[in-house]
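Each remark here refers to the structure printed beneath this line.
Laboratory data are not the source of any read-out in this text; all were calculated from the coordinates shown. None of these values were measured; they are calculated from a predicted model. Note that we place each Cβ from the backbone using ideal geometry, even for glycine, and neighbour counts take in every protein chain shown.
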Amino acid sequence: MPRLDFAVLVSGRGSNMLALERAAREGRIDGRIALVLSDRADAAGLASAAALGLDTAALAPDRGEDRAGYGRRLDAAIRAAGAGLVVLAGFMRILDGGFVQSWQGRLLNIHPSLLPAYRGLHTHRRVLEAGDKEHGCTVHFVTEELDAGPAVIQGRLAVRPGEPEDALSARVQRLEHIIYPRAVGWYAAGRLACRDGAAWIDGRPAGPEVVEEEES
Ligand code: GRF
């Protein structure tokens, strides 16, 4: 099977993109990042990617452009880079349905909660406010419903008593940097697929897989 060229879409810091780049460089993903694209020209992740010598593109919606038009330009940029998988890593834009459909089964996202709990924003704060004992992050295939596609792998941790939001967020991010490269590595190896509305790993429906935080 040929190596996988994949695109990573970022809007912010890009720490997940860096974790994926490192995993590819170290051979944990049999592939390479063909393009790092951002909807924001000033995204820190774009500068970090360029510093590593990766191909980058800034693609902001034009004034008055609707979601479908932006989706078509996004699609064209990603296809021109030759990518076979799109990896959303903090891309803060809701994607057009046409885009999602044309990348169905080849479009992954990471979300900072144990989905289906806490779709949407401010997940760490909401977990703390609810007094939950468990929290984490989920890699899932993207479907048209926001944060609702089939889950592949979750990173789980125990919320510490009195834990501040920034500390909890940092612990979740450390787990993200473990589970996202693992999921993309499975995909690149042909071990992960999306079929019949479910994620499949090695021919079995994903439970999803679970990675527990190692106590430090
Ligand atoms: C991550 O927390 C991810 O779960 C969410 O956006 C954040 C991106 O962080 N979707 P980074 O830009 O990869 O550091």
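Distance between the modelled labels on M92 and E215, one decimal in nanometres: 3.7 nm (7 Å Cα→Cβ projection). Rounded to whole numbers, the Karplus 3J(HN,Hα) couplings from phi for the stretch 154-171 are 10, x, 10, 9, 8, 5, 8, x, x, 5, x, 4, 5, 5, 5, 4, 5, 5 Hz, using 6.51 cos²θ - 1.76 cosθ + 1.60 with θ = phi - 60°, and x at Gly and Pro. Length available on full extension from A117 to Q104: 0.36 nm per residue minus the Cα-Cα distance, which gives 2.4 nm.
In the chain, taking the dipole from charged Cβ atoms about the Cα centre, the farthest positive-side position among A130, A158, A24 is held by A24. By the count of neighbouring beta-carbon atoms within 10 Å, fewest first, F141, F99 end up ordered F99, F141.
For the residues E144, E212, what sequence is obtained by ranking on other C-beta atoms within 10 Å, fewest first?
Lowest count first: E212, E144.
Taking a point 7 angstrom from the Cα of A41 along the C-beta vector, which residues in the stretch 58-86 have backbone N less than 11 Å away? Backbone N within reach: 58-60. Build a GNM of the chain with springs between Cα atoms under 10 Å apart, and of D196, D42, D96 the one that fluctuates most is D196. Of all DSSP beta bridges confined to the chain, the antiparallel ones make up roughly 45%.
Only helices enter this figure: runs of n ≥ 4 DSSP H residues, each worth -39500 (n - 2.57), summed and divided by the residues of the chain, yield -10000 deg cm²/dmol at 222 nm to the nearest 500. Its relative contact order, with pairs defined as Cα atoms under 8 Å and 6+ residues apart, puts the chain at 19 percent. Between A34, L114, A60, the Cα set farthest toward the positive side of the dipole of the chain (charges on each charged residue's Cβ, about the Cα centre) is that of A34. When Rg and Dmax are taken over the Cα atoms of the stretch 105-182, they come to 12.1, 40 Å. Of the residues C137, C194, the one with the fewest other Cβ atoms within 10 Å heads the list, and the complete ranking is C194, C137. Add +1 for every Lys or Arg and -1 for every Asp or Glu among the other residues with Cβ under 12 Å from the Cβ of A189, and state the total. Summing Lys/Arg as +1 and Asp/Glu as -1 gives +2. Taking every alpha-carbon pair in the stretch 57-216 and binning the separations at 10 Å intervals from zero gives 10, 37, 33, 17, 3 percent. Restricting the calculation to Cα atoms, every distinct pair contributes to the Kirkwood radius of the stretch 1-135, found to be 15.9 Å. Between V36, V86, V100, where does the largest GNM mean-square fluctuation fall for the chain, given springs only between Cα atoms within less than 10 Å? In the Gaussian network model the winner is V100.
The calculated FRET efficiency for E145 paired with S169, based on their beta-carbon distance and R0 = 25 Å, is about 0.50.
Only Lys, Arg, Asp and Glu carry charge here, each on its Cβ (+1 for the first two, -1 for the last two); on that basis the chain has a dipole of about 400 debye about its Cα centre. Alpha-carbon geometry of the stretch 30-79: the Rg and the Dmax are 12.0, 40 Å, given in that order.
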